[in-house]
Amino acid sequence: MTVRVAMWSGPRNISTAMMRSWENRPDTVVVDEPFYAAYLARTGLDHPGRDEVIASQPTDLDEAVRQLVSDESAPVHYTKHMTHHLAPGMDLGWVGQFHNVLLIRDPAEVVASYVRSREACEPDDIGLLQQVPLLDVLPAGSPVIDAGDFLRDPESHLRWLCDWLSIPFTGRMLSWPAGIRDSDGVWAPHWYDAVARSTGFEPWRPRDVELNPHDAAVAETCRPAYEELHERRLVL
């Protein structure tokens, strides 16, 4: 049986580095943001590379889900999801076929990173507001991992996840070759510069975050959701 992992994150987190970690396992295939095209088609948002994204994936959510649950190309199947790509009222009955993990990050750090790549940021753009109701419908015991905790000790967190999934840990998850991957979404040139240069997880360091009044208000709007999730996070 294929072990299916769904990692639910927001943007400007460590989600792509985490995908690199799992892809570097010899037994794992990864899928990068399978609902992105459907999200852009539904919302009409003008993201970088919009046309290429829409052409690269199903814009029908049911078809995107069908592809995920039917893929048995490797013993471990890992999906990187953005929670803001979920459609309001979307049927999530299929998530029970996956081992689900929520990945969170302090909203001020997320917003500061987001606005370096995008001109504007609104609360719905960074995923935290969608993560709270999502956690409530995920199978019991779905862990929440804070990026700050993870980066202080990646190996312990990855070992814990592997034990939880009943798969062996491998040190290959701690480092990887630099560069873009065939499995990266077509949006990689617009968003993945830092990850493409990386060869492992960046060590945690305190961030000096300065936001303009609008962006600070966005972060504070999302803070209660972050704090609720943070209280439920995995503590090792």
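The values are calculated or read from the model by the stated rules, or taken from the named source; none is laboratory data. Note that the structure is a prediction, hence the values are computed from the model and not measured. Counting neighbours? That spans all protein chains shown, and the Cβs are built from the backbone with ideal geometry, glycine included. Quick note on the areas: whole protein, heavy atoms, side chains included, nothing else; ligands and nucleic acids left out. Shrake-Rupley method; radii C 1.70, N 1.55, O 1.52, S 1.80 Å.
Here are the numbers for the structure shown:
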{"read-out": "Ranked order, Asp71, Asp153, Asp215 - accessible area, probe 1.4 Å, largest first", "value": "Asp153, Asp71, Asp215"}
{"read-out": "Surrounding net charge for Ala87, when Lys and Arg each add one and Asp and Glu each subtract one, Cβ distance under 12 Å", "value": "-2"}
{"read-out": "Label-point separation, Arg159 to Arg223 (7 Å along Cα→Cβ), nm", "value": "3.6"}
{"read-out": "Shape of segment 99-236, Cα gyration tensor, a/c cut at 1.5", "value": "oblate"}
{"read-out": "For the chain: relative contact order, % (alpha-carbon pairs under 8 angstrom, 6 or more apart)", "value": "29"}
{"read-out": "Cut-off under 5 Å, modelled amide H: who pairs with Arg4 long-range", "value": "His77, His99"}
{"read-out": "Rounded to whole Hz, the Karplus (6.51, -1.76, 1.60) HN-Hα couplings of segment 41-58, x for glycine and proline", "value": "5, 6, 8, x, 5, 9, 8, x, x, 3, 5, 5, 4, 4, 6, 8, 9, x"}
{"read-out": "In nm, spacing of pseudo-spin labels at Glu202 and Gln67 (7 Å Cα→C-beta vector)", "value": "3.0"}
{"read-out": "Segment Val137-Leu45, extension gain: residue separation times 0.36 nm, minus the distance between their alpha carbons", "value": "30.4 nm"}
{"read-out": "Zone of Asp193's modelled label, taken as backbone nitrogen in segment 11-33 under 16 Å from a point 7 Å along Cα→Cβ", "value": "12"}
{"read-out": "Directionally averaged projected area (convex hull, Cα atoms, the chain), nm²", "value": "12.0"}
{"read-out": "Net length gained if the chain between Leu92 and Glu210 were fully extended (0.36 nm per residue, minus Cα distance)", "value": "38.8 nm"}
{"read-out": "Within segment 43-118: Cβ-based charge dipole about Cα centre, in debye rounded to nearest 20 (Lys, Arg +1; Asp, Glu -1)", "value": "340"}
{"read-out": "In sequence order, calculated HN-Hα J values of segment 228-235 (Karplus, 6.51, -1.76, 1.60; Hz; x Gly/Pro)", "value": "5, 5, 4, 5, 9, 6, 5, 10"}
{"read-out": "Under-5 Å amide H pairs with Leu102, H placed in peptide plane, nonlocal only", "value": "Trp8, Val144, Ile145"}
